[in-house]
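Comments concern the structure below.
The values are calculated or read from the model by the stated rules, or taken from the named source; none is laboratory data. All figures in this text were calculated on a predicted structure; none of them were measured in a lab. Cβ: placed from backbone, ideal geometry, glycine included. Neighbour counts: every protein chain shown.
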Amino acid sequence: MENGTGWDVPPGILHAPGSLCTYEPQKASDVFAMYQSLVNNVIIPEELLWKNTPQDKIGNYEHLLEVIDWAPNVDPDFVQNHFMRPKPVRPIEEMKQDGYSENWICYKMLRIVPRN
């Protein structure tokens, strides 16, 4: 992680915010599954793995693997395709001379991909 930068993390991509203070803007969703069992030496209860899973799928680990969008998770160009560095609004040297620094910070639009 690098201070002041961001990542595009669409639904279906396994991720964790990281050890730095993070801000994760997300579209409201009723889908959640915590694929971790330990965070900062705290055991995560198993019910968070199955949270929002249909009743008839609870305990079905194959179902958990099906909800992951595998193509972007194994993308060899993941950094190139998902890393977001703020962009200076003017050349950095010009802003320095004028005594300020300003960056555009833009979050990518949510992509909705229909599932079959």
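Points worth noting:
- Matching residues in the range 64-100 - criterion: being under 30 Å from Met34 (Cβ atoms), free of Cβ contacts under 8 Å to residues at least 40 places away in the same chain and either β-branched (Val, Ile, Thr) or out of contact with any Pro (no Cβ under 9 Å at 6 or more places or on another chain) (or both): Leu64, Leu65, Glu66, Trp70, Ala71, Val74, Asp75, Pro76, Asp77, Val79, Gln80
Yes/no per residue for (1) modelled with pLDDT under 85; (2) surrounded by 11 or more Cβ atoms within 10 Å (Cβ to Cβ); (3) within 17 Å of the chain's Cα centre (by Cα):
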site	(1), (2), (3)
Leu14	no, yes, yes
Thr22	yes, yes, yes
Ser29	yes, no, yes
Trp50	no, yes, no
His63	no, yes, no
Glu66	no, yes, no
Lys87	no, no, no
Ser101	no, yes, no
Arg115	yes, no, no
